[in-house]
Amino acid sequence: MTMSVPERKSGSEGKEEESEDESEILEESPCGRWQKRKEQVSQGNVPGVESASLAMDTEEGVEVVWNEVLFSDKKVFKAQEEKIKEMFENLMQVEHPNIVKFHKYWLDMKESQARVIFITEYMSSGSLKQFLKKTKKNHKTMNVKAWKRWCTQILSALSYLHSCDPPIIHGNLTCDTIFIQHNGLIKIGSVWHRLFVNVFPDASVHGKARQHRDEQRNLHFFAPEYGAGEDDYAIDIFSFGICALEMAVLEIQANGDTAVSKEAIVNAGQSLEDPLMREFTQSCLRHEAKLRPTAHDLLFHRVLFEVHSLKLLAAHCLINNQYLLPENCVEEKTKSFDPNAVMAEIKHDDRQGVQLKYSHVSPLELDKFLEDVKNGIYPLMNFASTRPHPVPRALSLSQEQVETVKTPTPEPQETETRKVVQMHCNLESNEEGTKTHLSLFLKMDDKLHRQLSCDILPTDTSKDLASELVHYAFINEEDIEKVAGFLEDAINRHRVRALASGSTQ
């Protein structure tokens, strides 16, 4: 489920030949949306994953990763089939801006063997390990602000996983399974490593199931108690502590290909000049698991915690309520303002006050900041409560309910995951007032928008109309109540205005 940038040959001629060869379509998903290509990518040693290839999402027009798990023994596969389906249904419910997205899965049965194929997000900018190596090679040091921002994003993802009921333990957090995008957004992959270990024992899958713990260079990421008993959040905190330390020093030195020693870890920690950073990493690396803080607690540590600016709080409010605002509202608003007008003023009795003018705000910088907030670069996890995160729907179903929702087809039924970001509603009554034409425009986050229209009668109730239109809109479950409420309000307001103007409606 993790992937890195594939290596390419040098030379223009070699590149052209390789590009044509690797872009060849080898296989297509049953629905036709996903097209597997020849080019291989690293799958991060997820247990049981035999191969991982680049693929094309023909709907979104983006590259994804096509992962395969092969079962040489069909009897073993049949015995595990229901467990496998349940696990992959759960995978599809995980949704967080700092976690590599799991898109789809399906089962493929053949005479000689069985396959599970699943599609994951492709992180084209590479892993955190690759970034740190490049930074060190260029004789640069880690920016403290970037370090804090990355730590906050990783902890945001871990807090999400650990607050699920039951908690989701990552169990494979290293700098190789953390990815960084060009805009500074951090995502953790291989999230379901521990689940794969439990569902795909070595005997049931084709080839040897490899784990990061078997790799000497990554042994130091694993807590002392790893594998000794039932895992809990503490093993992820230890791994995070090593990641935070490597991010700060760029690399913890090892002797050749052998594992990083405890002494090297201690020396790296002592080399940190900031005492708060030292205390922060040391608290994660305590030998006693019960003494390590939780991800939620670490977000409140003095080295990370800060009172969020009003600008950041307002940005989150704006993003969360985008559907209430017209398109390009920031650009339109800033155009209408007089640049020399004063938008705020701080007055002092004993000295001159400070005036803040609209010219002090750059619309381009504001747009970029809003985009970064929307992408998850500045999470508000410091305000998160300690209550369990809402359980993914598939995790909360009883076994009887799970059976009823399972699809008999090889590929699960398509569900809408795209979100509504803006809504526009227009209502026009005819001259007689006997009926009203309603047009609803839904702007989706993937820019593939929807428009619906219908005629409504004075006898139709606004609530029933809203429910019926939402049903035909085929939208994300999370947006149903939001869109229905918006429609109901729009219809009621139109009827009040019509009555006030003397219409029979």
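The values are calculated or read from the model by the stated rules, or taken from the named source; none is laboratory data. Just so it is clear, the structure is predicted and the values come from calculations on it, not from any experiment. Glycine also receives a Cβ, built like all others from the backbone with ideal geometry; neighbour counts cover every protein chain displayed. Accessible surface is based on the protein model in full, side chains and every heavy atom, while ligands, DNA and RNA are left aside. Shrake-Rupley method; radii C 1.70, N 1.55, O 1.52, S 1.80 Å.
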Exercise. What is the list of residues in the stretch 218-249 whose amide nitrogen lies under 16 Å from a point 7 angstrom out from the Cα of Asp297, following Cα to Cβ?
Worked result: 232-241
Exercise. In nm, to one decimal, how far is the modelled label at Ser51 from the one at Met343, with both set 7 Å along Cα→Cβ?
Worked result: 5.5
Exercise. Hey, any idea what % of the stretch 143-184's accessible area is carbon plus sulfur with a 1.4 Å probe?
Worked result: 54
Problem set entry | Protection proxy ranking of 83-94, 271-282, 337-348 - average other beta-carbon atoms within 10 Å, highest first | 83-94, 271-282, 337-348
Exercise. Going by average Cβ neighbours within 10 Å, how do the peptides 128-139, 243-254 rank, with the highest at the top?
Worked result: 243-254, 128-139
Problem set entry | Listed peptides 145-156, 69-80 by packing density, highest first (mean Cβ within 10 Å) | 145-156, 69-80
Problem set entry | Net lengthening on full extension, Asp464/Asn138 (0.36 nm per residue, minus Cα-Cα) | 111.0 nm
For this session: Once you have the Cα-Cα distance between Leu380 and Ser72, take 0.36 nm times their residue separation minus that, and quote the gain in nm to one decimal.
Result: 106.2 nm
For this session: Could you check the simple spin-label distance between Leu310 and Glu59, using points 7 Å along Cα→Cβ, in nm with one decimal?
Result: 4.3
Exercise. Which of the lysines could a cross-linker bridge to Lys137, judged by Cα under 19 Å and excluding same-chain residues fewer than eight apart?
Worked result: Lys129
Exercise. Relative contact order for the stretch 23-121: what is it in percent, counting Cα pairs under 8 Å that are at least 6 residues apart?
Worked result: 22
Seminar exercise, completed: One finds, for Lys145 and Arg450 with R0 = 51 angstrom and r their Cβ-Cβ distance, a FRET efficiency to the nearest 0.05 of 0.80
Exercise. Lysines within cross-link reach of Lys357: Cα-Cα under 28 Å, excluding same-chain residues under 8 positions apart?
Worked result: Lys145, Lys311, Lys333, Lys335, Lys347, Lys368, Lys374
Exercise. How much FRET efficiency would the formula 1/(1 + (r/R0)^6) give for Asn430 and Glu332, where r is the Cβ-Cβ distance and R0 is 30 Å, rounded to 0.05?
Worked result: 0.40
Exercise. Hey, how many Å between the Cα centroid of the stretch 239-296 and the Cα centroid of the stretch 53-131?
Worked result: 32
Exercise. Residues of the stretch 23-121: accessible area per residue at 1.4 Å, in Å²?
Worked result: 39
Seminar exercise, completed: The simple spin-label model distance between Glu95 and His360, using points 7 Å out along Cα→Cβ, in nm, is 3.8
For this session: Give me the accessible area per residue for the stretch 219-370, probe 1.4 Å, as a whole number in Å².
Result: 61
Exercise. Within the accessible area of the stretch 23-121, what % is carbon and sulfur when the probe is 1.4 Å and the other protein chains stay in place?
Worked result: 45
